[in-house]
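The values are calculated or read from the model by the stated rules, or taken from the named source; none is laboratory data. For clarity, every value in this text was computed on a predicted model and none was experimentally measured. Every residue, glycine as well, gets a Cβ built from its backbone with ideal geometry; the counts of neighbours run over all protein chains shown. Keep in mind that these areas ignore ligands, DNA and RNA; they rest on the heavy atoms of the full protein, side chains included. Shrake-Rupley method; radii C 1.70, N 1.55, O 1.52, S 1.80 Å.
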Amino acid sequence: MRWAVHPECPCKGRTGSPADWVESRTVSMMRKLFFDHALLPSGWATDVAIDVKEGVIRAIHANAASDGREHIAGIALPGLPNLHSHTFQRGMAGLAEIRGPEGDSFWTWRQVMYRFLGHLTPDDVEAIAAFAMMEMLEGGFTALAEFHYLHHDFDGRPYADLAELSGRIAAAAVETGIGLTLLPVLYAQGGFGGTAPNEGQRRFVNDVERYLRLVEAARERVRNLDDAVVGIAPHSLRAVTPEALTQVLAAVPQSPVHIHVAEQVKEVEDCIAWSGRRPVEWLLDHAPVNARWCLIHATHLTPDETHRFARTGAAAGLCPITEANLGDGIFEGVDFLAAGGSFGVGSDSNIDIDAPAELRQFEYSQRLKHHARNVLARREGESTGRALYEGALAGGTRALGRQIGALATGHRADIVVLDSAHPDLASISGDRWLDSFVFVAGKAAIDSVIVSGRSVVTKGRHHRRDAITARYSGAIARLTA
Ligand SMILES: [Zn+2]
């Protein structure tokens, strides 16, 4: 059965009959949709007919007749990919906002995160993941790259099933309907130079041999999801050795590769102390960075690193809201894009899950840095909202390694529909819709969301919101008691 990704009980904790699940997961019949307006690769179009079968757009026509079609009122956009998330961190959102004795930073936040994850059961992981994914869909993200580093039981020993928690992520993706690129994380050491892992890291740690078994097991767990992809994620240069990095790249030569890099000033200083090079510099000198790579954060770059990175074709995995929340710093966005760099956005710590807000924060960070406006639009007269949206579509799609990111034949039917009657959208058109969506109305303007041809959000609400929220609330009540 297509929904049976969990080996024990795939409908555990869910309401509704399994028959609903089979039907809702498998859109094998042709679905004939009709939209008032849509953003196509060629630009804005009206009266757009889209035929979807088995999750994929089979035909698309503008200026079409609506006869016999399912009319979905509003403005259709390709759904944005969320290229970086740790879903479990949604459960601790807001728990690290109390001032400590001195110098709160990413590193003090990390201590709170380690304490929180020390209590998570597999059921908790699944409940929190489903809640986060539901919010992503309601917030304009239709696909997710989950950077999944929580692997083992409380004492650091593997579960009987090595991919137990990868399976929970897959089950949450099935329940919510979000598109999935699962990135099992290799975390092999506590810090630069082979430092032993500390107690807070014991649920993450694998050697290369066990990691590669985990990747294989994760592939099994997502086999029945619509077009899911499993990539690899060496956690960071501080958590993997050069030898381990070389080994996993050789063992998995095709899939997406994601890595955290240069998020923190201390990380840059530690990398220089270890190797004599800055993190991005080290990576560009020692690893075959190309278009299958996504460098997460890459916050601290020299001009030389910025230009070299832009030329690789790798995406910059920007998480502007989390980077602001953690006090990481500001990415070299203007120079990177001017050099031809590719970017996407991710919700990372999931402190605030909201696709248009990530784009807005990216632009605003650059405005504050450069004391200027509309700095990420590419040319005079271009809409900043459209430049941000199309940029994040292109880079995010590349980072997820899936056939998404465009309303075009052969792509998955991942569609976000804005409410054209929303007061901020009703009297404008074209690129002004995107400017208003990104800078004014935000996710409140989202009316419906379709993933792989299946409706998952209507009137701004996920179809399983009540059940998913009840399960999440129960988990959080126990974890914070
Ligand atoms: Zn991260």
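Would you call residue 292 of a type outside the set (A, V, I, L, M) and out of contact with any strand residue (DSSP E or B) (no Cβ under 9 Å at 6 or more places or on another chain)? Spelling it out, it is not the case that residue 292 is of a type outside the set (A, V, I, L, M) and out of contact with any strand residue (DSSP E or B) (no Cβ under 9 Å at 6 or more places or on another chain).
Within segment 263-284, if we keep just the residues that are under 25 Å from the mean Cα position of the chain (by Cα) and part of a loop (DSSP other than H, G, I, E, B), the residue that is nearest to residue 107 (Cα to Cα) turns out to be 264. Might you let me know whether segment 150-159 holds any residue that is hydrophobic (A, V, I, L, M, F, W, C) and open to solvent by less than 10 Å² (accessible area, probe 1.4 Å)? Scanning segment 150-159 turns up at least one residue that is hydrophobic (A, V, I, L, M, F, W, C) and open to solvent by less than 10 Å² (accessible area, probe 1.4 Å). Against the test of being of a type in the set (D, E, K, R), farther than 19 Å from residue 233 by Cα, exposed (fewer than 15 other Cβ atoms within 10 Å of the Cβ) and in contact (Cβ under 8 Å) with a residue 12 or more places away in the chain, the options 97, 126, 70 yield a single qualifying residue, 70.
Taken over segment 328-351, the criterion of being more than 15 Å from the ligand (Cβ to nearest atom) and of a type outside the set (A, V, I, L, M, F, W, C) is satisfied by 332, 333, 335, 340, 341, 342.
Within segment 180-199, can you find the residues that are in contact with a Gly (Cβ under 8 Å, 6 or more places away or on another chain) and either closer than 30 Å to residue 452 by Cα or open to solvent by less than 20 Å² (accessible area, probe 1.4 Å) (or both)?
The answer is 181, 182, 183.
Residues checked against (1) open to solvent by 10 Å² or more (accessible area, probe 1.4 Å); (2) within 16 Å of the ligand (Cβ to nearest atom); (3) at pLDDT below 95:
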position: 23; (1), (2), (3): yes, no, yes
position: 29; (1), (2), (3): yes, no, yes
position: 44; (1), (2), (3): yes, no, no
position: 47; (1), (2), (3): yes, no, no
position: 75; (1), (2), (3): no, no, no
position: 85; (1), (2), (3): no, yes, no
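Residues of segment 453-481 that are in contact with a Gly (Cβ under 6 Å, 6 or more places away or on another chain) and open to solvent by less than 10 Å² (accessible area, probe 1.4 Å): 453, 456. Within segment 227-244, the only residue that satisfies the criterion of being free of Cβ contacts under 8 Å to residues at least 60 places away in the same chain, part of a strand (DSSP E or B) and open to solvent by 10 Å² or more (accessible area, probe 1.4 Å) is 230. Between 389, 364, the distinction of being crowded, with 20+ Cβ neighbours inside 10 Å, of a type in the set (Ser, Thr, Tyr) and touching a helix residue (DSSP H, G or I) at 6+ places or on another chain (Cβ under 9 Å) belongs to 389 only.
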